[in-house]
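Remarks on the structure that follows.
The values are calculated or read from the model by the stated rules, or taken from the named source; none is laboratory data. Only a predicted model underlies this, so the values are computations on that prediction, with no experimental measurement involved. So basically every Cβ, Gly included, is an ideal-geometry build from the backbone, and we count neighbours across all protein chains shown. All accessible areas refer to the heavy atoms of the entire protein, side chains included, with ligands and DNA or RNA removed. Shrake-Rupley method; radii C 1.70, N 1.55, O 1.52, S 1.80 Å.
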Amino acid sequence: FSCPIVAGCAGLIKSKFNNYNCLQIAAQLKATSDNIDTIAFNKQYRQQLGAGRVNLLKAVSDTSMTYIEFKDISFNDKNDDILLPNETIYINGNFINFLKTGKNINAILSTKSIYVDIKSGTFTIDSIGDSDTLPNDSSPFSFSVYETVPVDQEIEFKITYNGLGFNAYEYFSVIVN
């Protein structure tokens, strides 16, 4: 039932902000949604329910939101790009802001995996403009792979964003060994 509701909300956002592309419409929906992680019944699903509950009034009236995602992600070991134990792996990508300018935002990398150790896990976004892209090439995330990692182990990472007017998270993964 949520699909037609969100589709209808997307159409209303497009009619209000006709210059938004589909990615900006999706970002506006996510950035203006209500957090549902604090509802008692949802606590067991914390940070597993997406951006939250759609808030149409906020989505068509609040134009102050920032919304950043980490895209074009690549992993390398500065050697042969085969991600093996006892190596340091670097994570490069682009932070893309789909909405309004964001300032002083920390992107913090974490994982629940017992097979890796994060070496460099914070990237600070001093400022990123509306529809701008900021690569992390100057300061990539990095992690080392423990020798005990099983063959073809999927490692899930989470980036948590904390900053002025923007708090969100996203997940991505890589297979090592």
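Counted without the sites themselves, the longest stretch of the chain free of trypsin sites (Lys or Arg not before Pro) in a DSSP loop having at most 15 other beta carbon atoms within 10 Å is 113-177. For the range 32-44, backbone phi angles converted through the Karplus equation (6.51, -1.76, 1.60; θ = phi - 60°) give residue-by-residue couplings of 9, 6, 8, 5, 10, 5, 8, 5, 3, 5, 8, 4, 5 Hz, Gly and Pro being listed as x. The HN-Hα couplings worked out from phi for the range 77-87 by the Karplus form 6.51 cos²θ - 1.76 cosθ + 1.60 (θ = phi - 60°) are 10, 6, 9, 10, 6, 9, 8, 10, x, 6, 10 Hz, whole numbers, x standing for Gly and Pro. Short-range pairs are left out: with C-alpha atoms under 8 Å and at least six residues apart, the relative contact order of the chain is 19 percent. Under the criterion of Cα pairs below 8 Å and six or more residues apart, the relative contact order for the range 80-143 equals 46 percent.
Any chance you could run the full-extension gain for D77 through I108? It's 0.36 nm times the residue separation minus the Cα-Cα distance, nm to one decimal.
So the extension gain works out to 9.1 nm.
Could you work out the helix-only [θ] at 222 nm for the chain, with each DSSP H run of four or more residues adding -39,500 (n - 2.57) and the total divided by the number of residues, to the nearest 500 deg cm²/dmol? That comes out to -5000 deg cm²/dmol.
Report, as a whole number in µm² per second, the diffusion coefficient that Stokes-Einstein gives for the range 83-156 at 20 °C and 1.002 mPa s using the Kirkwood radius over alpha carbon pairs. Translational diffusion coefficient: 157 µm²/s. Could you state the angle between the C-alpha long axis of helix 2-16 and the longest principal axis of the C-alpha atoms of the chain, as a value from 0 to 90 degrees rounded to the nearest 10? The angle comes out at about 70 degrees. Accessible surface for the chain, divided over its residues, is 55 Å² per residue with a 1.4 Å probe.
For the chain, find the longest principal axis of its Cα atoms and tell me its angle to the long axis of helix 22-31, 0 to 90°, nearest 10. Between helix and principal axis, roughly 90 degrees. Is there a pair in K43/K78; K78/K158; K58/K103 whose C-alpha atoms are over 31 Å apart, and which pairs would that be? Those over the limit are K43/K78. Short-range pairs are left out: with C-alpha atoms under 8 Å and at least six residues apart, the relative contact order of the range 8-97 is 24 percent.
Of all the Cα-Cα pairs you can form in the chain, what percent are over 23 Å apart?
48
Remark: the chain carries a charge dipole of roughly 1000 debye about the Cα centre, counting +1 on each Lys and Arg Cβ and -1 on each Asp and Glu Cβ.
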